[in-house]
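Where a number appears in this text, it was derived from the coordinates with a stated rule and is not lab data. From a predicted model like this one, the values you see are computed outputs, not experimental measurements. Note that we place each Cβ from the backbone using ideal geometry, even for glycine, and neighbour counts take in every protein chain shown.
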Amino acid sequence: MLTHEQSDTLTEVFNAGVIKAGVALTNLVGHQVRMQVPLVGVTDFTDLHNCLGIGNDLQLVSVCQQFCGTMDGYALLLLSRESGDALTNRLTGSDPGTAPAEAERSETLLEVGNILINGILGTIANTVGDRFEYQVPVYREGSLPLIIGISSCAANCSIGDSHSLYARAQFDIDEARVIGSILILLTAGGFDRLIGLVDGLRGQAKATASGGAAPQTPVK
Amino acid sequence: MARILIIDDSKFQRKCLSRMLGAMGHEVTEAENGAIGLQVHETIKPDIIISDLLMPVLDGIGLLRGLNAKGATTPVVVVTADIQECTREECLQLGAKALLNKPVTVATLETALGRFLPAQTGEKSPC
């Protein structure tokens, strides 16, 4: 569904956001965070677990943030239960290895998710000259299919939609033994619009490289 | 010492900010959304407001509009995870003194307070 060039440009845009999110997370936890180059692709929701490398029966904690604008969709911070506990303990100063109270875990991870997701989406918006309106983030627990199902339903993204774009950015914080993923899913319409914006960006880049005049109105 | 009103729906964030501001010697009051923040503002007359943007009931933009409608002159520093340029512009147009991106550091917060707190609140009371 994506050409090599489109995939390349999308990865570049997402990567800039991932770097921003990584800096924010490093400042938050006070420890070096390693962010991986994001993986961008198009998939059917039902095959998402394969693309993400997350088993369907693994119990996860998640923060979901819906967004709308030129593109509609939602973003997820996904962590295993153990990683969620480790990150919470790290940020609240609690003993590593202890299970945080439910409320403490959800409050802490909600804020972490909010900061990371905004780092990525905000960078995308600034890059393509667009604006996202965000909903208040929601904390959820469960398996990947459950979280995706509920989040998709809430965001009016149809499950099984074969035109859904995903971007996965993995990070890890050695000291706290935290490994997580940030996932962005777009509705079919949102996917088409993003591709249009990406094609606009590539057109601009080509015009600049060849010494031609860049379009006056970039990529709206 | 200044009277500071923190408005944020995140208990985690309120706790972090309260801890930082308390350690600087300020008196902190918390509110969990813009609507409550507007009420508390009437009561305690803070020297400065530190507010989140994305909140249920009344968000940070609504808070800024509400303060403008009341003719309030209390400086507002927005602390948000939203890094979009258009958001920054909108907040500044609505009268916010500054927009800091989460997570804020003690140094960033201190600088912002130093710039926007009314001068007399930084001075010791004569008695």
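What the table below lists for this structure:
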quantity	calculated
Proportion of all alpha-carbon pairs of the stretch B:3-122 beyond 23 Å (%)	18 percent
Chain B, dipole about Cα centre (Lys/Arg Cβ +1, Asp/Glu Cβ -1), debye to the nearest 20	280 debye
Residue among A:153, A:68, A:51 with the largest mean-square fluctuation in a Gaussian network model of chain A, springs linking Cα atoms under 10 Å	A:153
Amide H partners (placed H, <5 Å) of residue A:178, local residues excluded	A:173
Sequence-distant residues sharing a close amide H with residue A:143 (under 5 Å, placed H)	A:60
Residue among B:66, B:37, B:114 with the largest mean-square fluctuation in a Gaussian network model of chain B, springs linking Cα atoms under 10 Å	B:114
Positive-pole candidate from A:146, A:74, A:123, dipole of chain A, charges at beta carbon	A:123
Under the Karplus curve 6.51 cos²θ - 1.76 cosθ + 1.60, θ = phi - 60°, whole-Hz ³J(HN,Hα) for the stretch B:60-74, x wherever Gly or Pro sits	x, 5, x, 4, 4, 5, x, 5, 4, 4, 7, x, 5, 10, 4
³J(HN,Hα) computed for each position of the stretch A:113-121 - Karplus, 6.51 cos²θ - 1.76 cosθ + 1.60, integer Hz, glycine/proline x	x, 4, 5, 5, 5, 5, x, 7, 5
Charge-dipole axis of the stretch B:3-122 as Lys and Arg at +1 and Asp and Glu at -1 on Cβ define it, positive-most pick from B:16, B:36, B:54	B:16
Pairwise centroid distance, computed over Cα atoms, of the stretch A:101-135 with the stretch B:36-87, Å	19 Å
Built amide H within the under 5 Å cut-off of residue B:58, gap 5+	B:34, B:35
Listed residues B:83, B:48, B:36, most fluctuating in chain B (Gaussian network, C-alpha, under 10 Å)	B:83
Range of Cα positions in the protein assembly as shown per principal axis (Å), largest first	73, 56, 34
Karplus 3J(HN,Hα) series, Hz, for the stretch A:53-64 with 6.51 cos²θ - 1.76 cosθ + 1.60 (x for Gly, Pro)	x, 10, x, 5, 9, 6, 7, 10, 10, 8, 10, 10
Distance (nanometres) between label positions extended 7 Å along Cα→Cβ at residue B:92 and residue A:68	2.9 nm
Taking chain B and dividing mean pair separation by its residue count, relative contact order in percent (alpha carbons under 8 Å, at least six apart)	24 percent
Shielding by partners - mean other protein chain Cβ count within 10 Å, residues of A:18-29	2
Cα-based Rg of the stretch A:1-130 normalised by 2.2 N^0.38 Å, two decimals	1.13
